[in-house]
């Protein structure tokens, strides 16, 4: 109700403040008064714009029940997003209408610098969405890396918070909603397959495995010794917690468990069985040794779009490839320097083999070893957290926890990742690690990954963005991969300045992580524009890094199903380093690292060109008047 009242009030305010072409401001006789009037006009126009953004972003949120849940809100708590292509087209039309309204209703030249950034980001997001519309049939709908078949359960288990009886009732209803979403997306996957767009065979196998994991065990099987399936376990855990908190009676618990079981058996199970059946029947049409998307119809244009969307630049695939080759050579020289410093006798490939095989660099492949990885990661983060005030004025309020990936979606050697918390802090940020195979999780690389995913990396960047009150809310939730992943990779290097990587092997691990991202530039463009096969990509990775083979295979599979995404990391990092270097050269003794970092983080995620403009404005503000 308060939301509706606020919306109605905001709309009324906007209607009353539309620009009137027949009204002109009288010229002030004094220059100072005129300057003050201009400043006041800019503030007024910018405030009006921010009110407009608040209304439009709320409209957008109300079309996405799952995003509302991510933000910790409980409106439409029993709903799942509409996953149809028709709905996507409707949303794009809505975006187009907002852009038409934005450009016709506001005077760009009469906005503050911050408001201009908001204006430009809103336009940029629409232009990217519009440009991508023609490639709807080039996208992979279900893959081993990025598909709702695994994420839907993760969403209910980790994001659907249950505090009251009504929350659990909404959870049960959402089980059916997930089934509908699976059905809707399967229609799209079939349409794309009919047009020749299929992910590789390994992606099919991953989807089948992940989907099967979710319908294995009780209540789908009553066989002796059957364990609870992930969702059934979560249902029982959340209901039991409500009973213990005296927010649900025993009778209500029995009723809700029965309702949940009914939805799992009559809606969830059939949709997943249908999904699995189609993937098992269509897998014969896939290839075992795939190349990139260039083999698709319109594939070259699709890849060019994807690298532009990922890097937020106009760099060509060839330019990105060349940057990668140069970065690989530079980092190789730094690796050799550390190899020589630790007194290793042998060449770099021999040192790679030593790093990959010596027991000192690995935890035992046991539950104790997995807990050791988590505990040591927490210790690294505790150390870096103590250094943060020396490098940042803005600090995140949200908590961070380190967790093992849930068993139903865990993959040997897959990359660690971060899930953000809620803006109000009710759900902490989570750094997830795949720990099923500890031989793919070397100790010397874990420190850099902790800084990338935690602080001062993703947790810090995303939490600060979500906690901002100085920019419109849509900017606090904006996602531009080159900015966010560029910051994460920059954070790995920044941590060295902050006193991390106390031994040479950990610093070598940092270089391994950076080399990983440099290799991505070469491999991703090689796969999607130069005809590289999976075997070629894996061979190049093995030559340039000591990364475990399982992790390399997982990475190459990721690039094949997410074309262009992996190029964003190094491109973003290089831009941030360039901006910092330019700022230091211009400001000299006036350069303040805390001010630079706060400038980069205090506006939320944005395209790199807009970030450059923001940093340049900060540099100008630090110059003598």
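Going by the conditions given, is residue 115 out of contact with any strand residue (DSSP E or B) (no Cβ under 7 Å at 6 or more places or on another chain), surrounded by fewer than 18 Cβ atoms within 10 Å (Cβ to Cβ) and either farther than 17 Å from residue 471 by Cα or modelled with pLDDT of 95 or more (or both)? Talk me through it step by step, then tell me what you get.
Numbers: out of contact with any strand residue (DSSP E or B) (no Cβ under 7 Å at 6 or more places or on another chain): yes; surrounded by fewer than 18 Cβ atoms within 10 Å (Cβ to Cβ): no; either farther than 17 Å from residue 471 by Cα or modelled with pLDDT of 95 or more (or both): yes.
No; evaluated as a whole, the condition is false for this residue.
Among the residues of the range 186-198, are any in a helix (DSSP H, G or I), outside the structural domain of residue 427 (by TED's automatic domain parsing) and under 21 Å from residue 265 (Cβ atoms)? Write out each step before concluding.
Quick first cut of the range 186-198, residues in a helix (DSSP H, G or I) only: 186-194.
The next check asks that each one be outside the structural domain of residue 427 (by TED's automatic domain parsing); those that pass are 186-194.
Cutting the leftovers down to under 21 Å from residue 265 (Cβ atoms) gives us 186.
Looking through the range 186-198, at least one residue is in a helix (DSSP H, G or I), outside the structural domain of residue 427 (by TED's automatic domain parsing) and under 21 Å from residue 265 (Cβ atoms).
Let me confirm something: among 360, 387, 411, which residue is buried (at least 19 other Cβ atoms within 10 Å of the Cβ) and either outside the structural domain of residue 210 (by TED's automatic domain parsing) or assigned to a helix (DSSP H, G or I) (or both)?
Details: 360 fails: buried (at least 19 other Cβ atoms within 10 Å of the Cβ); 387 fails: buried (at least 19 other Cβ atoms within 10 Å of the Cβ).
It is 411.
Under 23 Å from the mean Cα position of the chain (by Cα), assigned to a loop (DSSP other than H, G, I, E, B) and surrounded by fewer than 23 Cβ atoms within 10 Å (Cβ to Cβ) - does that describe any residue in the range 555-570? Full working, then the answer.
Within the range 555-570, the subset under 23 Å from the mean Cα position of the chain (by Cα) is 555-570.
From what is left, the residues that are assigned to a loop (DSSP other than H, G, I, E, B) are 562-564.
When the remaining residues are screened for being surrounded by fewer than 23 Cβ atoms within 10 Å (Cβ to Cβ), the result is 562.
Checked the range 555-570: at least one residue is under 23 Å from the mean Cα position of the chain (by Cα), assigned to a loop (DSSP other than H, G, I, E, B) and surrounded by fewer than 23 Cβ atoms within 10 Å (Cβ to Cβ).
With respect to residue 442, is the statement that it is surrounded by 21 or more Cβ atoms within 10 Å (Cβ to Cβ), at pLDDT below 95 and over 20 Å from the mean Cα position of the chain (by Cα) true? Show your work before the answer.
Numbers: surrounded by 21 or more Cβ atoms within 10 Å (Cβ to Cβ): yes; at pLDDT below 95: yes; over 20 Å from the mean Cα position of the chain (by Cα): yes.
Judged against the criteria, residue 442 is a match.
For the range 189-236, which residues satisfy the criterion of being within 21 Å of residue 407 (Cβ to Cβ), touching a helix residue (DSSP H, G or I) at 6+ places or on another chain (Cβ under 9 Å) and exposed (fewer than 14 other Cβ atoms within 10 Å of the Cβ)?
Correct list: 227 only.
Let me spell it out: the conditions are (1) within 24 Å of the chain's Cα centre (by Cα); (2) in a helix (DSSP H, G or I); (3) touching a residue at least 12 places away in the same chain (Cβ under 8 Å), and residue 578 meets all of them except one. Which number is the exception?
(3)
Which pairs have Cβ atoms under 8 Å, sit 6 or more apart or on different chains, and link a residue in the range 226-250 that is over 11 Å from residue 153 (Cβ atoms) to one that is loosely packed, with under 13 Cβ neighbours inside 10 Å?
Sorted first by the residue in the range 226-250, then by its partner, the pairs are 243/249; 243/250.
Given the criteria within 19 Å of residue 352 (Cα to Cα), in contact with a helix residue (DSSP H, G or I) (Cβ under 7 Å, 6 or more places away or on another chain) and part of a helix (DSSP H, G or I), does residue 573 qualify? Step through it out loud before you land on a result.
On the way: within 19 Å of residue 352 (Cα to Cα): no; in contact with a helix residue (DSSP H, G or I) (Cβ under 7 Å, 6 or more places away or on another chain): yes; part of a helix (DSSP H, G or I): yes.
It is false that residue 573 is within 19 Å of residue 352 (Cα to Cα), in contact with a helix residue (DSSP H, G or I) (Cβ under 7 Å, 6 or more places away or on another chain) and part of a helix (DSSP H, G or I).
Condition check: under 30 Å from the mean Cα position of the chain (by Cα), assigned to a helix (DSSP H, G or I) and at pLDDT 95 or above. Does residue 257 satisfy that? Don't jump to the end; show me each part of the working.
Details: under 30 Å from the mean Cα position of the chain (by Cα): no; assigned to a helix (DSSP H, G or I): yes; at pLDDT 95 or above: yes.
So residue 257 fails the test.
Look through 282, 318, 340 and report the one residue that is surrounded by fewer than 16 Cβ atoms within 10 Å (Cβ to Cβ), without any contact (Cβ under 8 Å) to a residue 12 or more places away in the chain, on the phi < 0 side of the Ramachandran plot and assigned to a helix (DSSP H, G or I). Spell out the reasoning first.
Numbers: 282 fails: without any contact (Cβ under 8 Å) to a residue 12 or more places away in the chain; 318 fails: without any contact (Cβ under 8 Å) to a residue 12 or more places away in the chain.
After applying the criteria, what remains is 340.
The values are calculated or read from the model by the stated rules, or taken from the named source; none is laboratory data. As the structure is a prediction and not an experimental result, all values here were calculated from the model. Note that we place each Cβ from the backbone using ideal geometry, even for glycine, and neighbour counts take in every protein chain shown.
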